[in-house]
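Here the structure comes first, spelled out in structure tokens, and everything after it is commentary.
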Amino acid sequence: MTKYFRSNVDAMASYIPGEQPQRGTQIIKLNSNENPYPPSPEALAVLHNIDGEWLRRYPEPFGGEFRQAASKVLGVPSDWMIVGNGSDELLSVVIRACAEPGRKVVYPMPTYVLYRTLAQMQDADITEIPYGEDYSLPLEELIAVDGAVTFIASPNSPSGHVVATDDLRKLASELSGVLVIDEAYVDFSEENALALVKEYENAIVIRTLSKGYSLAGLRLGFGVANPKLLHGLFKVKDSYNIDAIACAIGTAAITDQAYKNACVAKIKASRNQLATDLKQLGFRTWDSQTNFLLTQPPTGNAEYLYQKLKEQGILIRYFKQPGLEDKLRITVGTDEQNQALVEALTYLLETGEKRSNIMSA
């Protein structure tokens, strides 16, 4: 039989994203950590006024317009930024530039499983170090491995916790390789690690407009790092990786901080209420600085609840992997969506309890 692929590609499993129902389907979608509110009106205005000339010509290769806007918002020089087709592309750029067979890619688990997929694509050596029960960072173990690339998602998915800046600082100071601080959910967090890139040449902070800015469908992300680190990353990015429309819309969105902050405030309030509602149903729910909650059903039947909710048109996320098989990850939706979820869970728990009582009678 003809083998088309490298042996490591044949051996790896594909990354499985959250289920995406067809447009127009009547689904409450709480499985992919999308923002439940529309993008900034300023961003939509750009979309509605696209100039055909933008499509005829190649885009600016480094997303210069967006870099200038983000520079003003974040207070970092524009030449300290790299723009990508979503933050996932930037994670891939780092791996392509820094990982290969014999070089280690390291991260704590559970976390964003795309890190594993990207490392496998490069046939890099992978070291996964378990988080503690309380999701405390296995700091010394990560330092001891000293990977060519160390990924830390902060806030982390699926746990929702933030890694202390002092822990990230210690990592950056003691690692000889690149420290990637993945801040996809930073807009919902009380702290961030952006200052570390000015302190440490080997640190890069990666962010996205998918979550806080309601632009998951646009695919636009960016990284902030010392230009000495970016110099190598620019070598392996695609020549025109950011399309002109994404750059223009992203520029308008990141400039409209007032709108983004108002949406984030609503999501935080809804997150707190949903956490309270779940706890009242007996769920163990972890504190979160993201737009989702990790929660453990009182009956331990996470997969059953996931399947039953799906049958009722409510999508949440279930991960069948060690440490998560008895838990669910639920995106924070609108208050109406969250209430529908809570009502559905209440019904499922009550009917499950009745069924159990009948069987034991």
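Table for the structure above
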{"item": "Candidates G132, G221, G52, ranked by Gaussian network fluctuation over the chain, Cα under 10 Å, top entry", "result": "G52"}
{"item": "Summed side-chain charge close to G64 - residues other than G64 whose Cβ falls under 15 Å, Lys, Arg +1, Asp, Glu -1", "result": "0"}
{"item": "For K3, solvent-accessible area (1.4 Å; no DNA, RNA or ligand), Å²", "result": "140 Å²"}
{"item": "Within a Gaussian network of the chain (alpha carbon springs, distance under 10 Å), most fluctuating of A246, A265, A225", "result": "A265"}
{"item": "Alpha-carbon centroids, the stretch 304-341 and the stretch 123-182: separation in whole Å", "result": "27 Å"}
{"item": "Where the stretch 1-96 is the region considered: accessible area per residue in Å², 1.4 Å probe", "result": "63 Å²"}
{"item": "As computed over the stretch 1-98, the Cα convex hull volume per residue (Å³)", "result": "241 Å³"}
{"item": "Net lengthening on full extension, E303/R56 (0.36 nm per residue, minus Cα-Cα)", "result": "84.0 nm"}
{"item": "Average accessible area per residue (Å²) across the stretch 186-275 - probe 1.4 Å, nucleic acids and ligands excluded", "result": "38 Å²"}
{"item": "Rounded to the nearest 10 Å², the accessible area of D79 at probe 1.4 Å", "result": "80 Å²"}
{"item": "Percent carbon-and-sulfur accessible area, the stretch 107-163, ignoring ligands, DNA and RNA, probe 1.4 Å", "result": "50 percent"}
{"item": "Percent accessible area from carbon and sulfur atoms, the stretch 234-311, protein chains only, probe 1.4 Å", "result": "48 percent"}
{"item": "Globularity index of the chain, i.e. its alpha-carbon radius of gyration over 2.2 N^0.38 Å", "result": "1.03"}
{"item": "The stretch 166-315 - Rg over Rh from alpha carbon coordinates, Kirkwood radius", "result": "1.05"}
{"item": "Spatially close lysines, pair count over the stretch 151-299: Cα under 14 Å, gap of eight or more or interchain", "result": "5"}
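The values are calculated or read from the model by the stated rules, or taken from the named source; none is laboratory data. This structure is a prediction, so every number in the text was calculated from the model and none was measured. For neighbour counting, all protein chains shown are included, and Cβ atoms are generated from backbone atoms with ideal geometry for every residue, glycine included. Note: areas computed on protein heavy atoms with side chains; ligands, DNA, RNA excluded. Shrake-Rupley method; radii C 1.70, N 1.55, O 1.52, S 1.80 Å.
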